[in-house]
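First comes the structure, then the notes that go with it.
The values are calculated or read from the model by the stated rules, or taken from the named source; none is laboratory data. In this text the structure is predicted, and so the values were computed from the model without any measurement. All Cβ positions, even for glycine, are placed from backbone atoms using ideal geometry, and neighbour counts span all protein chains on display.
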Amino acid sequence: MPEPTPDHRPQTTDRRPPTADREARSTVHGPRSPQPATAEASDSVLGTRYSVLGTVSFIGAGPGAPDLLTIRGLRRLGEADVVIYADSLVDERIRAFVRPDAEVHGSSALALPQILDLMIGAARAGRRVARVHSGDPSLYGALHEQLVALEREGIPYEIVPGVSSVFAAAAALHAELTVPDVAQTVILTRVPTRTTVPDGERLRDLAAGGGTLALFLSVTAAARVVEELRAAGWADETPVAVAYRVTWPDERLLRGRLAELPAMVRAAGLTRQALILIGAALDSELRVRAPDRRSHLYHEGYSHGFRTSRLPRAARRRGANTRRRETTE
């Protein structure tokens, strides 16, 4: 997909909120069909009544590169009357997709009450609002408190998913996070810094079963990460990777071993916007050392609802027995 340009700006002649007829898979919370601003509609979730006004669209802008914005996100940006975006984390080039007459606010210098005042005030005036988050809004996006306020005020909203930096990092590293018989679990978490984590979510407890770890907002606590994983039984030689501002022009990718993580981060001077990935699936030599790690889904001896195995039954049994022995040895 070519990098979007202003010429790719979506059509904006229809600025109505999405309806069930226009978009069957819409996730708008609140009334589904637009009504005149003076009409009232009931909200089955809130159990309240309110005037149908503008809709707030929470948009995941992706990890950085503007051409990783989803088509739906691009459309919502072009429809918006008011755009509030995380300007310290979202590439300002997305402003090329905003209407020239739209009102645009960066949120980095705003506190939550100011952001809510902008969103709620615009929605009450019947305007479409695009609230743009980095990555995907559902991961460390400070989304909960905004939804609480909108539901309290009876403002309809939708959430447009975005490409998370964890998947952009895996792509940049040419890595599969769930290699058969190597790792089948991915844990997305963080270590406590200024933000606490709930009891029972200590990294050493989460990591006890192995898998692939993706650590957000933890680059300044690299030494604590090593301490926690050693306590969970992870070897110092476990592969690690650090992805800084992945898909941005100044992207940096670091590779090493668990014991080297604090020194790697310190030498690179990384203090923010970096994701840590840890686990055997991150081994850069894995495809050389274990080329036979295959998914059953595309194995010629594996039948499922869309394909029947073409191997003789005896050969299928031999293949299955061989795979069972490999996983137990």
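Quick rundown of the values:
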quantity: A170, sole failed condition from (1) assigned to a loop (DSSP other than H, G, I, E, B); (2) assigned by TED's automatic domain parsing to the domain that holds P249; (3) touching a residue at least 12 places away in the same chain (Cβ under 8 Å); calculated: (1)
quantity: Segment 186-215, subset closer than 19 Å to W234 by Cα and among the β-branched types (V, I, T), residue surrounded by the most Cβ atoms within 10 Å (Cβ to Cβ); calculated: T212
quantity: Residue check for G154: buried (at least 20 other Cβ atoms within 10 Å of the Cβ) and assigned by TED's automatic domain parsing to the domain that holds D117; calculated: yes
quantity: Entirely in segment 66-138, the strands (runs of 3 or more DSSP E) that have 1 or more residues that are free of Cβ contacts under 8 Å to residues at least 40 places away in the same chain; calculated: 103-106
quantity: Test: residue in segment 296-317 that is buried (at least 17 other Cβ atoms within 10 Å of the Cβ), within 29 Å of A168 (Cβ to Cβ) and either modelled with pLDDT of 70 or more or touching a helix residue (DSSP H, G or I) at 6+ places or on another chain (Cβ under 6 Å) (or both); calculated: no
quantity: Residues of segment 26-65 satisfying the condition of being at pLDDT 95 or above and assigned to a strand (DSSP E or B); calculated: V56, S57, F58, I59, G60, G62
quantity: Index of the failed condition, A267 passing every other in (1) over 24 Å from the mean Cα position of the chain (by Cα); (2) at positive phi; calculated: (2)
